[in-house]
Amino acid sequence: MNKPRAYSVKAYSATTAKSPLAAAVISRREPTATDVQLEILYCGVCHSDLHFARNEWHGTVYPAVPGHEIIGRVKAVGSAVTKFKAGDVVGVGCLVDSCRTCPECRAGLEQFCPDWVGTYGATDKHLGGGTLGGYSQEIVVTEEFVLRIPANLNPAATAPLLCAGITTYSPLRRWKVGPGQKVGIVGLGGLGHMGVKFARAFGAHVVLFTTSPGKAADAQRLGAHEVVVSKDAAQMAAHAGSFDFILDTVSAAHDLNAYLNLLRRDGNLVLVGAPENPLPVAPFSVIMRRRSFSGSIIGGLPETQEMLDFCGTHNITSDIELIRMDQINEAYERMLKSDVKYRFVIEMASLK
Ligand code: NAP
Ligand code: ZN
Ligand code: ZN
C-alpha cells in the first residue's frame, strides 16, 4: 500500500512512563477514499488513558497520545464515504479498525478480532508507528468505525459513552440484567456511574458499592436504590449471598472475594476494571453456590451504535467536568484519588 500523505496537528503526549503529558505535534494521514476527517470537539478522560500513559499494562510505545472517547465534527470525507458528510457531529471510540473478515468481525464483535486496531497504542498501518488517540485537534478514521450521535444529546456529555458507556452497557445486556434482579455496581467513577444509569434504565434493583462515603447522595441521584460503603464489614455482610449480578469497575487492587461472596446461587461477577496487577480469587468464593467470575471489554461497532441510540431515546449522558487540555495532569492525579464527578472531558478548542 502507498503511504498516504500526512499533515501535522497539535496534541498532548507522554514521552515516558514517568513524564507528565505535554504539548506535541503529531501526524495524521490525509483522508483516503474511505476515510472521515474529524475536528475533535471533546475527548473524555478514561482511567485506561492513565494506565496506558504510565505503562501500567506494560508495552506502551512512546510518544503516547491517549484518548478514546472522541466527539468530533466532520471536516472532510473521502470520495467513497456514504454515511457521513462535512458538518456532521460524530463519535469515535476505542477501535479505529479491525480485519473485517474473521468470525468475530463478521459477528460485529470487532473488540475480539485478533487484529483489532485500538484508537491508541496499536500499530498504525497507514503511517507506521503507534496509533495516536483523541488528545489532539483532529483524527482520520475509516468510515466503518465512525458512529452516529443522536442530535438531542449534549456532545460533551456524550463523549464518555464511547468507552465508559459501551463498556458497562455491553455486559449488562450480555447477561440480560433487568427487572426482578439485584445488581451491584462496584466503584462510582467514569464506568461505574454509567453502570448505575444503565442498570437502572434496564429495570434492575441497583446497589452501588463505594469506598467514598461522600458519593452516596450522588449515587442515589444517578439511579442507585441502595449504597453500600465497602469498607464497612457490617454493611457488606448484610448483603451476603443475595446478588444476581455484580459489575466491578475498580481501577486498583481490591478484594474480589468480598464481592464474589455477595453472589447468590449461579450469580456472576463481571470484571471490567483493569488494575495493573493480578487479583487473587479464593476457590471457595466460586465453588460455593456455583458462582461465575467473568470479564468483558468495550463492545463492537453495532452494539456501540445500539447503545448510543438507546441513550438518545432515554436521554442518557455522562455527568462530566469539562477541563482544558493543560489541566490533564491534574485531572489524572484527581482520578487516582477517586475524585472524579464523574468523568473529565477535555474541551479540545483549548488546544489551539
Ligand atoms: P475511574 O473513573 O478512576 O473510577 C474508578 C473507581 O474505582 C473510583 O472512582 C473509585 O470509586 C474506585 N476505586 C479506585 N481505587 C480504588 C481502590 N483502591 N479500592 C476500591 N475502589 C477503588 O476509572 P474508570 O475510567 O471508570 O475505569 C475503571 C477501570 O476500568 C480502569 O482500570 C480502566 O482501565 C478500566 N476500563 C476497562 C475497560 C474494558 O473494556 N474492560 C474499558 C474502560 C476502562 P469509589 O470512590 O466509588 O470507591
Ligand atoms: Zn476507556
Ligand atoms: Zn477480525
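Helices in the chain, meaning DSSP H runs of at least 4 residues, each add -39500 (n - 2.57). Divided by all residues, the mean residue ellipticity at 222 nm is -6000 deg cm²/dmol.
Based on Cα contacts under 8 Å between residues 6+ apart, the stretch 164-295 shows a relative contact order of 21 percent. Using a ≥ b ≥ c from the Cα gyration tensor of the chain (square roots of the eigenvalues), is it rounded, prolate or oblate, where a/c under 1.5 gives rounded and otherwise the larger of a/b and b/c decides, a/b for prolate? It is prolate, given that a/c is not under 1.5 and a/b is the larger ratio. Candidate membrane-span-like segments in the chain, meaning DSSP H helices with Cα atoms spread over at least 18 Å of their own axis and a Kyte-Doolittle mean of -1.0 or above, are 301-314, with no membrane implied. Each Cα pair under 8 Å and six or more residues apart adds its separation to the average, and for the stretch 69-186 the resulting relative contact order is 26 percent. Mean separation of Cα pairs under 8 Å and 6 or more residues apart, divided by the residue count, gives the chain a relative contact order of 18 percent.
Sparsely packed loop sites in the stretch 264-339 (the trypsin sites (Lys or Arg not before Pro) outside DSSP H, G, I, E and B with at most 11 other Cβ atoms within 10 Å) comprise Lys337.
The numbers here are math on the coordinates, done by the rules we state, and not lab data. It should be emphasised that the depicted structure is a prediction, and the values quoted were computed from it without experimental measurement. A quick note on method: Cβ atoms are made from the backbone with ideal geometry, for glycine too, and the neighbour counts reach across all protein chains shown.
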